[in-house]
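The values are calculated or read from the model by the stated rules, or taken from the named source; none is laboratory data. These numbers come from a predicted model, not from an experiment. With ideal geometry, Cβ positions are generated from the backbone for all residues, glycine too; neighbour counts draw on all protein chains shown.
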Amino acid sequence: AHAETLEARCQVPVYACQRRTLLAHRNQTLTEVLQTMAEEAHFCGSEARSLAFSRAASVLKSLPWTVRRVQELRSLPCLGEHSRRIIQEVLEDGASAEVERVKHSERYQAMKVFTKIFGVGVKTASRWYQEGLRTLADLQAHRAKLSKEQEFGLLHYDDLNTPVERSDAEAISQVVRDAVGQCLPGASVTLAGGFRRGKQTGHDVDLLLTHPTEGQEVGLLKKVISWLDKQGFLLYHSSRRNTFQAFEDPELWSRSSASGMDHFERCLSIFRLRLPGGVQISAGAQKPGGAVTGSGVSSFWKAVRVDLVVTPFSQFPFALLGWTGSKNFERDLRRYSKHEKKMALNNHVLYHLEQKIFLTAASEEEIFQHLDLEYIPPEERNS
Ligand code: 8DG
Ligand code: MN
Ligand code: MN
């Protein structure tokens, strides 16, 4: 009865950017199965189906009560027939036969193993599966052709699939802060991504670099990378230059931003993070730089994925908003902007499509104001 009173009182907004979603929520079991289905659809290239499951999971994350009966879903948005059916199965039988089948399927399991390699997406993983490969050992035996990125991904597979702790993220931020301080005094380093949303662990560390005098940031990334490399902090890095052109057709970049990719200068890297006190981790893993012991390989460092992104100061609030996530939150921010406000939002700018003007902002709060949205702090963007 309590749940139903809550349901009646609770008008859940359609867009994730209108909801407050904390990390801890009350429907973990249900969101997990829906996310498995979203992942499976993604592995099949069915992006619309994947999105539908993600949205359903996202709505459940925002609920202030635990769903116990399928009737409680009546007035909720984004819950399609398939999602409801799976939720009902889980509520009534404790598990969904369909989800169990997916989880145990050979294809899902192999796709999961392959896409966990840094640099491997669904396309490559599917191809390997088609060729009959199933495991990392198969991949090595088959001598599959790998990109540089994938080679390093495979080499550091265990480390890169070990959750990055908040303390690791803080340590890496500090190293990058030192590097940036040496290369360009006055420049700043900001931790974004899941850690900014309050997560205690993550799959990587997302860092934004900028300088309050626009233009000063040009050339910074090269210097920082070279400093880090000299100090032995980088196992792998690959950079891309800035390709953003503010005055090209805004329709063009508003389309490309739908995927979440942006045009900032950036570096995808793998850090060699020294561990305090020489803790032994990933015994048995291949560690080219580790100290070999009798039982296997022990090491005093671990590999951590780090994204470095350089932004001109005037675009920083947009970049910060974009790189803080979650992915559901970002996707709906853009969708809301376009459909409800006739504005195109991306990681660089906010553009009014009818008035044909750029709306500037000095903070995330100002971007929310332009969009007539209540400000949602990072900790409540875990949609
Ligand atoms: P995690 O690492 O803790 O697992 O989660 P996360 O921090 O939320 O995810 P992420 O994959 O590291 O991405 C962080 C945010 O950055 C996410 O909202 C997507 C956003 N993002 C962009 N542009 C790009 C891009 O070009 N590549 C990637 N990988 N992420 C981008 O805005
Ligand atoms: Mn991240
Ligand atoms: Mn990232």
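Scan the range 191-221 for residues that are touching a residue at least 60 places away in the same chain (Cβ under 8 Å), within 19 Å of residue 239 (Cβ to Cβ) and of a type in the set (Val, Ile, Thr) and report the count.
2
Given the structure, is residue 54 farther than 22 Å from residue 19 by Cβ and touching a residue at least 24 places away in the same chain (Cβ under 8 Å)?
Working: farther than 22 Å from residue 19 by Cβ: no; touching a residue at least 24 places away in the same chain (Cβ under 8 Å): yes.
Taking the combined requirement at face value, the residue does not satisfy it.
Looking only at residues that are closer than 23 Å to residue 163 by Cα and in contact with a Ser or Thr (Cβ under 9 Å, 6 or more places away or on another chain) in the range 121-146, which one is surrounded by the fewest Cβ atoms within 10 Å (Cβ to Cβ)? Working first, answer last.
Narrowing the range 121-146 to residues closer than 23 Å to residue 163 by Cα: 121-122, 125, 135-137.
Next cut, in contact with a Ser or Thr (Cβ under 9 Å, 6 or more places away or on another chain) only: 121-122, 125.
Details: 121: 11, 122: 15, 125: 21.
It comes out as 121.
Out of 40, 32, 72, 47, report the one residue that is in contact with a helix residue (DSSP H, G or I) (Cβ under 7 Å, 6 or more places away or on another chain), under 29 Å from residue 126 (Cβ atoms) and of a type in the set (Asp, Glu).
On the way: 32 fails: in contact with a helix residue (DSSP H, G or I) (Cβ under 7 Å, 6 or more places away or on another chain); 72 fails: under 29 Å from residue 126 (Cβ atoms); 47 fails: in contact with a helix residue (DSSP H, G or I) (Cβ under 7 Å, 6 or more places away or on another chain).
Just a single option satisfies the conditions, and that option is 40.
Exactly one of (1) among the hydroxyl-bearing types (Ser, Thr, Tyr); (2) closer than 29 Å to residue 111 by Cβ; (3) surrounded by fewer than 19 Cβ atoms within 10 Å (Cβ to Cβ) is unmet by residue 75. Its number?
(2) is the only condition that residue 75 fails.
Would you check if residue 315 is within 22 Å of the chain's Cα centre (by Cα) and in a helix (DSSP H, G or I)?
On the way: within 22 Å of the chain's Cα centre (by Cα): yes; in a helix (DSSP H, G or I): yes.
Yes: the conditions hold for residue 315.
Within the range 321-339, count every residue that is more than 10 Å from ligand 1 (Cβ to nearest atom) and closer than 19 Å to residue 268 by Cα.
0
Out of the residues in the range 68-106 meeting the condition of being among the β-branched types (Val, Ile, Thr) and under 27 Å from the mean Cα position of the chain (by Cα), tell me which one is nearest to residue 5 (Cα to Cα).
Within the range 68-106, the first condition is being among the β-branched types (Val, Ile, Thr), and the residues that meet it are 70, 86-87, 90, 99, 102.
Going one step further and asking which of them are under 27 Å from the mean Cα position of the chain (by Cα), we end up with 86-87, 99, 102.
On the way: 86: 24, 87: 20, 99: 30, 102: 35 Å.
Checking each candidate, the answer is 87.
From (1) under 30 Å from residue 159 (Cα atoms); (2) surrounded by fewer than 16 Cβ atoms within 10 Å (Cβ to Cβ), pick out the condition that doesn't hold for residue 303.
Checking residue 303 against (1) under 30 Å from residue 159 (Cα atoms); (2) surrounded by fewer than 16 Cβ atoms within 10 Å (Cβ to Cβ), the one that fails is (2).
Tell me which residues, restricted to the range 199-216, are away from ligand 3 (no atom under 16 Å from the Cβ) and out of contact with any Pro (no Cβ under 6 Å at 6 or more places or on another chain). Quick ask: steps written out before the conclusion?
Start the filter on the range 199-216 by keeping residues that are away from ligand 3 (no atom under 16 Å from the Cβ), which leaves 200, 210-216.
Passing the criteria: 200, 210, 211, 212, 213, 215, 216.
Please determine whether any residue of the range 174-185 is more than 16 Å from ligand 2 (Cβ to nearest atom), of a type outside the set (Val, Ile, Thr) and in contact with a strand residue (DSSP E or B) (Cβ under 6 Å, 6 or more places away or on another chain). First the steps, then the outcome.
Filtering the range 174-185 down to residues more than 16 Å from ligand 2 (Cβ to nearest atom) leaves 174-175, 177-185.
Filter once more, so that each one left must be of a type outside the set (Val, Ile, Thr): 174, 177-179, 181-185.
Of the ones still in play, those that are also in contact with a strand residue (DSSP E or B) (Cβ under 6 Å, 6 or more places away or on another chain) are 177.
Taking every residue of the range 174-185 in turn, at least one turns out to be more than 16 Å from ligand 2 (Cβ to nearest atom), of a type outside the set (Val, Ile, Thr) and in contact with a strand residue (DSSP E or B) (Cβ under 6 Å, 6 or more places away or on another chain).
Would the range 374-383 turn up any residue that is among the small types (Gly, Ala, Ser) and within 16 Å of ligand 1 (Cβ to nearest atom)?
So the first thing to find is which residues in the range 374-383 are among the small types (Gly, Ala, Ser), and the list is 383.
Checking which are within 16 Å of ligand 1 (Cβ to nearest atom) leaves us with 383.
Scanning the range 374-383, I find at least one residue that is among the small types (Gly, Ala, Ser) and within 16 Å of ligand 1 (Cβ to nearest atom), so the answer is yes.
Among the candidates 125, 95, which residue alone is part of a helix (DSSP H, G or I) and modelled with pLDDT of 95 or more? Talk me through it step by step, then tell me what you get.
On the way: 95 fails: part of a helix (DSSP H, G or I).
Exactly one of 125, 95 is part of a helix (DSSP H, G or I) and modelled with pLDDT of 95 or more, namely 125.
What number of residues within the range 187-206 satisfy the criterion of being under 19 Å from residue 347 (Cβ atoms), of a type in the set (S, T, N, Q) and outside any strand (DSSP E or B)?
Number satisfying all stated conditions: 0.
Does the range 107-119 include one or more residues that are under 24 Å from residue 31 (Cβ atoms) and of a type in the set (Phe, Trp, Tyr)? Explain how you work it out, then say what you get.
The initial filter retains those residues of the range 107-119 that are under 24 Å from residue 31 (Cβ atoms), namely 107-109, 111-113, 115-116.
Now drop any that are not of a type in the set (Phe, Trp, Tyr), which leaves 108.
Scanning the range 107-119, I find at least one residue that is under 24 Å from residue 31 (Cβ atoms) and of a type in the set (Phe, Trp, Tyr), so the answer is yes.
Can you pull out every residue in the range 60-71 that is closer than 11 Å to residue 87 by Cβ and crowded, with 20+ Cβ neighbours inside 10 Å?
60, 67
Matching residues to (1) within 16 Å of ligand 1 (Cβ to nearest atom); (2) part of a loop (DSSP other than H, G, I, E, B):
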residue: 168; (1), (2): yes, no
residue: 176; (1), (2): yes, no
residue: 185; (1), (2): no, yes
residue: 216; (1), (2): no, yes
residue: 222; (1), (2): no, no
residue: 226; (1), (2): no, no
residue: 232; (1), (2): no, yes
residue: 236; (1), (2): yes, no
residue: 239; (1), (2): yes, no
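Rundown of residues vs (1) over 23 Å from the mean Cα position of the chain (by Cα); (2) without any contact (Cβ under 8 Å) to a residue 60 or more places away in the chain, yes/no style:
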| site | (1), (2) |
| --- | --- |
| 339 | yes, yes |
| 351 | yes, no |
| 365 | no, yes |
| 368 | no, yes |
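Among the residues of the range 162-177, what is the count of those that are surrounded by 14 or more Cβ atoms within 10 Å (Cβ to Cβ), under 21 Å from the mean Cα position of the chain (by Cα) and touching a residue at least 40 places away in the same chain (Cβ under 8 Å)?
Total meeting the criteria: 6.
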